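Asker: Quick one: the structure is below, questions incoming.
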Amino acid sequence: MPQEWALRALRPVGPALDFAPSPAETYSRFARICIREIEDRRPRRLRRFLFVATRKIRMEIRRDPITQSWVVVGHRESPETDSCPFERPAIDKQQTILAVPAEGPWQVRVLPHPEPLYRIEGEPGRQPDGMYDRMGPTGAHEVVVETPDHNKRLSQLSDDEVDRVLSVWVSRVADLKKDKRLKYVSVFKNQGELAGEEWPHAHSEITGTIFVPRRIKYELRAAREWFKDKERCVFCDIVRQEEKKGKRIVDVQGDYYALCPYAARVPYEVWLLHRRHNHLFEQPKAGSNRKQLAALLGRVLRRLEKITPAFHLVVHTAPSTLSKKGELAGYWKTLADDFHWHIEILPIVEKRSKSYSIKETYFNAVLPEQAAEQLRAIDPNS
Ligand SMILES: [Zn+2]
Ligand SMILES: [Zn+2]
Ligand SMILES: [Zn+2]
């Protein structure tokens, strides 16, 4: 029989339990732990356990029926310690997905995310919820530790070291795309507190999702429409026009261009594109010298960091076409010709809310032409 204190411990989390649907297995484990804690009369531990358990149960992916975008809902536990998880001995206790170089001390290391948004186990079944759609949080979530040096930012690494980070991004994307359940693999990096970085140690993240993120879907649709109209890739057209005009180009290295997009959403937004057409970031074509991309990325980041230390970086590549099931089957027929991988960098200048969307319309106070001019004038190596 539960004691009075046990009922008290249950009360604060009661409402959350009501609506949390979950597999029977979770509930039986949950019940076993509750019983043990009640028997041992440990109310504080029980309360903490219930708090964490109900949070875990509530993680799921829901679809907005209007915008059709998938949203991960639920709470993540925040890491308990203040110490860096990417230092020894903590890092050695974690599972390593990939370490580069394979022999000797690591320079870049990939780990499972300690508090993942998505988990690799499970089948991605879509369940109806009345008129709505929802799915379990199946997917992959990895952390790429970009350097063993706690005090170095990506921008402070040598071209060879940045190239190594890029090669790790490439091999993780290629590897995760072999998983037929995953529809899209994202590479992104949040640097700086304003960008919501999770640890100060230089890192990026890889997620494999069972849906295509909304922004990518928009880009794919737009690129496909453009191709249908003109039989040309819109990104190739952008590079050609910007090359001719020059005023929004920030920097060039070989065939790689860094430019401020015509309708930049935020001040100093920069895209990195390869001049030669390729829809897959993870499958470089012969002659695409990635070291040039590494050098360009390093310089662009050093320029941007003279303006602000915080930014979001995201690699946009084509979605996986392995899955023949679902909404995207047969959708991307011209994908290889119409889409073009690129990197987007969205710096966060102070007062983020002002420059970001006001009711979904972007307001950017800095003209992209001025931004490019200013960034060009900055010496990335000073
Ligand atoms: Zn560290
Ligand atoms: Zn192209
Ligand atoms: Zn993009």
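No lab work stands behind these numbers, since they all come straight from the coordinates. Given the structure is predicted, the values throughout are model-derived calculations rather than measurements. Counting neighbours? That spans all protein chains shown, and the Cβs are built from the backbone with ideal geometry, glycine included.
Asker: If I model segment 142-193 as equal point scatterers sitting on the Cα atoms and use the Debye formula, what is log10 I(q)/I(0) at q = 0.18, 0.21 Å⁻¹?
Answerer: One equal scatterer on each Cα of segment 142-193 leads to -0.67, -0.83.
Asker: While we're looking at this one, here's another question. How much length is gained if the chain between Ala263 and Arg36 is pulled fully straight, taking 0.36 nm per residue apart and subtracting their Cα-Cα distance, in nm to one decimal? Mind showing how you got there, number by number?
Answerer: Working: separation 227, 0.36 × 227 = 81.72 nm, distance 5.91 nm.
Roughly 75.8 nm would be gained on extension.
Asker: Between Lys152 and Ser69, what is the label-point separation in nm under the 7 Å Cα-to-beta-carbon projection?
Answerer: Label-label distance for Ser69 and Lys152, simple model: 3.6 nm.
Asker: Please compute the length gained on full extension between Glu103 and Glu231, using 0.36 nm multiplied by the number of residues separating them and subtracting their Cα-Cα distance.
Answerer: Full-extension gain reported as 41.4 nm.
Asker: To one decimal place, what orientation-averaged projected area in nm² is obtained for the convex hull of the Cα set of segment 225-266?
Answerer: Numbers: hull surface 14.6 nm².
That works out to 3.6 nm².
Asker: Give the shape of segment 175-275 as rounded, prolate or oblate, defined through the alpha-carbon gyration tensor: a ≥ b ≥ c are the square roots of its eigenvalues, a/c under 1.5 means rounded, and otherwise the shape is prolate if a/b is larger than b/c and oblate if not. Walk me through the intermediate numbers first.
Answerer: Numbers: a/c = 2.07, a/b = 1.21, b/c = 1.71.
Verdict is oblate for segment 175-275.
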